[in-house]
Amino acid sequence: MISFELSEQQKQIKEMTHWFAANEIRPIAMKAEKMERVPDDWLDNVNRMGIHLNTSSFSENSTQKTSAKDSKKEREGNRMGVLATEEMAWGDPAVTLSLPGAGLGGPPVESSGTPEQKKRFLSIFTKDKPRWGAYALTEPEAGSDASGIRTTAKKVAGGYILNGQKIFITNGERASWVVVFATVDASRGRAGQRAFVVEKGTSGFSCTRLAKKMGLRANETAELLLEDCFVPQENLLGGEQVYETSNSKQTGFQVAMKTFDSTRPIVAAMAIGIARAAYEYTLDIVQRDYPKQGRYFLLASEILAEVEQDIAAARLLTWEAAWKADLGLANAKEAAMCKAYSGKMSLDVCSKCLELLGPDGLDGHPVEKLYRDVKVFDIFEGTNQVQHLVIARRQYAPYGIKV
Amino acid sequence: MISFRPTEEETSFIEVAKNIAKDKIRPIARECEQNRHVDKNLINELAELGFLSLELPEYFEGLELPLITQVQLVQALSYGDLDVVQGLPGANDAASIIRILPESTVTNLTKDVQINHGTAAFVNTVNTDEVREDRLFITEEADGYILQGTSQPVRMASFAEYMIVAAKNSQGKSVILWLDNHNHWTVEQGDYRLGLLASGLGRFSFDGVYIPKNCVVAEGYTADDLLRQVRTRIRILQAAKEVGLMEAALDYVTEYTAERKAFGQVIAKFQGVSFRIASMAMETRISNHLVKEAAIKADEQGSESDGLASRALYRAHRSVRYITDSAVQLLGGHGFVQEFPVEKWMRDAQAQVSLYGREKDLLFQRGEQIIAGTKEGALQ
């Protein structure tokens with residue numbers, strides 16, 4: 001039956017992450033932005049608490065017990081993921097993105113790695129010290145068009161030599177490993193693409209620069225260089241065998257695309273958390289300082305009603321995408337819808353909140369920071385335009401038209 | 001547990017409604033508009049299946065379905081044609097009042113007449129800020145009320161066998177009256193051209209009609225509380241109908257643009273077209289979810305259901321205008337002519353929006369609730 005009531009487990013994770021966001025993340029958010037980094041001692045501390053950024057629930061599949069009792073239980077990892085992420089991003093998005101863990105590098109390893117690779121790369125996220133994973137697809141000349149990447153992977157004895165440059169890589173410098181997408185044969189287009197796990201310290205692999213950004217300043221955005229970088233064949237995601245099988249449809253491009261269906265709802269949930277933070281902050285000020293009637297009251301009523309509704313709309317789209325993923329139903333269209341809508345809506349919400357704060361909003365209020373932070377949520381993990389393309393393709397699929 | 005899947009029973013019932021919408025309603029929609037009433041055979045078929053009494057209580061020979069089920073059914077039927085659905089006989093908006101009233105009250109009101117399957121209209125003039133050409137006045141007498149003046153246009157005026165009138169007297173007291181004597185009103189047929197032309201649009205005129213105490217449904221705070229609950233239910237049901245129209249327009253124009261060629265290729269290949277389709281798909285889905293969320297809250301009788309209903313209807317109004325306008329736009333000149341249904345859908349949509357609450361007013365109402373401290377909508 002249709003229901004928007006959270007399960008007990010969902011309620012618990014929401015309450016727990018909200019507590020963490022309010023009591024641990026928020027207090028350091030403005031300071032971290034100013035420092036342009038999250039303090040190391042804070043990261044050590046939260047890592048000891050076992051708090052990680054989990055961007056997928058693929059692991060639920062791979063580690064699921066197969067007892068009759070468990071197999072009857074409905075999966076809810078994706079729904080819990082979006083609930084938790086909304087709360088964390090409500091605390092602060094830059095700090096949330098800096099939390100230890102596999103981050104956006106987790107889903108490709110979980111969905112496409114061999115059992116040995118999953119164990120080797122995902123078991124490092126332990127409480128002794130904070131560690132990160134990262135995901136490197138974008139290049140200076142290829143972002144939205146992921147099929148156009150130019151980083152090359154040349155087969156040599158025992159592995160591959162990678163050459164190329166990657167940009168806009170979240171946590172790229174601090175990551176213990178990065179999932180790097182490269183092509184073994186550019187003339188084969190998507191079919192020639194492969195995904196490699198490149199480990200920190202590998203010869204020829206370096207971080208050349210950290211980007212200075214409009215927002216999300218506390219979170220590291222790296223440029224990575226691969227210069228004759230040798231990657232052993234056991235780090236080819238999925239192993240060589242999977243690409244050699246003639247029936248296999250696995251390509252690096254598909255590895256990249258497959259993860260979007262689970263990561264886009266997570267990114268959408270973050271945008272919703274940011275919008276909600278701006279809305280709540282502004283609502284408090286309106287309730288306290290605004291007149292109770294007249295022109296400004298009407299202005300605030302109209303704006304806040306629209307803002308509140310847009311946030312609810314984005315959340316329902318996001319829940320739907322996550323629900324479908326939990327049930328194993330195709331959700332590419334819904335994942336694109338929630339990402340497209342949330343990315344755009346959240347900026348609009350922050351802008352409207354700034355309108356209500358007036359010139360005062362420029363001075364020491366968090367909403368202007370949220371406005372700067374949130375813009376990129378309409379860009380990364382697929383721009384708004386790419387999401388429209390994905391939605392339109394699914395919409396026209398029944399008619400055999402590829403747009 | 002968060003879930004977007006209807007029950008098996010709902011799925012079967014929706015399938016029946018959707019098939020009727022496609023096979024029986026849509027083909028005759030133009031004809032119904034021209035005749036300014038819905039085809040009798042269709043009415044009989046829908047009545048037999050119970051589609052005309054979804055909201056009515058069982059003692060009133062209704063199905064008494066929860067709102068979450070009703071919204072899915074009226075949405076499926078409206079996929080055929082909104083005007084036809086709005087022109088179907090039965091208790092219509094008055095059904096929600098009958099649903100909420102205690103059985104004994106309804107039995108008393110209807111003891112002298114057999115109207116279980118009759119057609120009703122609902123005239124609600126309690127919003128005294130509303131600007132009107134001719135006002136409807138209600139005056140309290142010692143043992144009843146006097147109705148004088150003319151109502152705004154409402155659905156079902158032309159077909160009504162009984163009606164429920166909600167109004168405020170000069171002291172600001174709300175009163176709800178039950179009228180089932182035809183001699184008490186006349187209907188001004190008017191000059192309606194925009195849309196929902198099969199829905200019996202008209203104004204009720206009252207010339208100093210005396211309504212005795214035994215026809216008073218509720219007064220004062222009781223009436224206010226009743227009207228708030230009724231308003232919630234009507235808003236949700238009307239918004240659901242708008243979602244049905246949105247789905248119809250989206251599917252129709254997706255198919256059209258997948259086949260229509262220009263500049264040597266199907267126009268779906270142009271991003272100016274396909275991106276608009278994507279936006280329409282998102283808006284439709286959003287309205288759908290907001291309506292269902294409000295319906296569930298109303299079924300639970302949650303305190304926030306009134307606010308969720310106004311936001312669902314506001315969004316549905318905004319979306320249905322955008323989507324039906326987009327449908328006309330994407331068909332180009334063909335969208336403007338009557339060989340294609342989209343021009344009618346755009347007209348119907350705008351008429352529907354005009355009848356059921358001013359958009360900005362819905363927004364202000366919701367905003368006032370939020371500022372007054374009702375945050376739960378966005379906060380969950």
| request: Quick one: order B:TYR210, B:TYR256 by neighbouring beta-carbon count within 10 Å, fewest to most. | output: B:TYR210, B:TYR256
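Looking only at the stretch B:38-173, where both bridge partners belong to it, what percent of the DSSP beta bridges are antiparallel (to the nearest 5)? Please list the in-between numbers first.
Numbers: 6 of 11 bridges.
Bridges in the stretch B:38-173 are about 55 percent antiparallel.
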| query | Can you tell me the Rg and the Dmax, both Å, for the Cα atoms in chain A? | reply | 21.5, 77
| request: Excluding residues on the same chain fewer than 8 positions from A:LYS154, give the lysines whose Cα lies under 21 Å from its Cα. | output: A:LYS166, A:LYS200, A:LYS249
| query | Sorted from largest down, what three extents in whole angstroms do the Cα atoms of the stretch A:361-401 have along their principal axes? | reply | 54, 14, 9
| message | Calculate log10 I(q)/I(0) of the stretch B:98-164 for q = 0.14, 0.27 Å⁻¹, where I(q) comes from the Debye formula with a single equal point scatterer on each Cα and nothing for solvent. | response | -0.58, -1.23
| Within straight-line cross-link reach of A:LYS375, aspartates and glutamates at Cα separation under 15 Å, skipping those fewer than 8 residues along the same chain | A:ASP92, A:ASP348
| Across B:LYS213/B:LYS241; A:LYS11/B:LYS18; A:LYS292/B:LYS360; A:LYS34/A:LYS119; A:LYS34/A:LYS339; B:LYS292/B:LYS360, pairs whose alpha-carbon gap is larger than 26 Å | B:LYS213/B:LYS241; A:LYS11/B:LYS18; A:LYS34/A:LYS119; A:LYS34/A:LYS339
| Computed over chain B: relative contact order in percent, which uses C-alpha pairs under 8 Å that are six or more apart | 16
| remark: P(r) over all Cα-Cα pairs of the stretch B:189-234, 10 Å bins from 0 to the longest distance, whole percent per bin, short to long, reads 19, 26, 39, 16
| note | The ³J(HN,Hα) series, computed from each phi in the stretch A:298-309 with the Karplus coefficients 6.51, -1.76 and 1.60 at θ = phi - 60°, rounded to the nearest Hz and given as x for glycine or proline, is 5, 4, 5, 4, 5, 5, 5, 5, 5, 4, 4, 5
| query | Extent of chain B along each principal axis, from alpha carbon coordinates, in Å, largest to smallest? | reply | 77, 48, 41
| field | Alpha-carbon centroid distance for the pair the stretch A:164-216 / the stretch A:324-378, whole angstrom | value | 27
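Quick check on chain A: helices-only [θ] at 222 nm, where DSSP H runs of length 4 and up contribute -39,500 (n - 2.57) each and the sum goes over total residues. Nearest 500, please. Please list the in-between numbers first.
Details: 15 runs with 201 residues, N = 403.
Calculated from helices alone, the mean residue ellipticity at 222 nm is -16000 deg cm²/dmol.
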| said: Need one number: convex hull volume per residue for the stretch B:8-96, Cα atoms only, in Å³. | reply: 84
| field | Equivalent ellipsoid dimensions for the stretch A:143-207 as semi-axes, Å, which come from the Cα gyration tensor, largest first | value | 20, 16, 8
| query | Based on the mean of other beta carbon atoms within 10 Å per residue, what is the order of A:129-136, B:58-65, most packed first? | reply | A:129-136, B:58-65
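Where a ≥ b ≥ c are the square roots of the eigenvalues of the C-alpha gyration tensor, would you call the stretch A:133-252 rounded, which needs a/c under 1.5, or, failing that, prolate if a/b is larger than b/c, or oblate?
prolate
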| remark: Here Rg/Rh (Cα, Kirkwood) for the stretch A:254-399 equals 1.07
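Placing +1 at every Lys and Arg Cβ and -1 at every Asp and Glu Cβ, with all other atoms neutral, what dipole size does the protein assembly as shown have around its Cα centre, in debye to the nearest 20?
Values: 91 positive and 104 negative charges, 554 e Å.
That gives a dipole near 2660 debye.
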| query | Quick one: of the DSSP bridges fully inside the protein assembly as shown, what percent are antiparallel, nearest 5? | reply | 85
| note | Mean projected area, convex hull of alpha-carbon positions in the stretch A:187-257, reported to one decimal in nm², is 6.7
| field | Cα-based helix-to-principal-axis angle, A:26-35 vs chain A, degrees rounded to 10 | value | 70
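Quantify how strongly other chains surround peptide A:335-343 by giving the mean number of their Cβ atoms within 10 Å of each of its Cβ atoms.
Working: counts 0, 3, 5, 2, 0, 4, 5, 0, 0.
For peptide A:335-343, the averaged partner shielding equals 2.
Can you give the calculated 222 nm mean residue ellipticity of chain B, where each DSSP H run of n ≥ 4 adds -39,500 (n - 2.57) and the sum is split over every residue, rounded to the nearest 500 deg cm²/dmol?
The helix contribution divided over chain B gives -16500 deg cm²/dmol.
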| remark: Amide H contacts under 5 Å for B:ALA218, restricted to residues at least 5 apart in sequence or on another chain and with H modeled in the peptide plane, are B:ILE176
| query | If you wrap a convex hull around the C-alpha atoms of the protein assembly as shown and split its volume per residue, what is the figure in Å³? | reply | 177
| query | After finding the eigenvalues of the alpha carbon gyration tensor for the stretch B:118-219, what semi-axes result from the square roots of 5 times each, listed largest first in whole Å? | reply | 23, 15, 11
| Modelled label-to-label distance, A:ASP363 and A:LEU225, 7 Å Cα→beta-carbon offset: nm? | 4.5
| task | Just order B:306-312, B:231-237, A:121-127 by mean Cβ neighbour count inside 10 Å, highest at the front, would you? | result | B:306-312, B:231-237, A:121-127
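Every number in this text was worked out from the coordinates using simple rules, so none of it is lab data. Computed from a prediction, not measured in an experiment: that's the story for all the values here. Every residue, glycine as well, gets a Cβ built from its backbone with ideal geometry; the counts of neighbours run over all protein chains shown.
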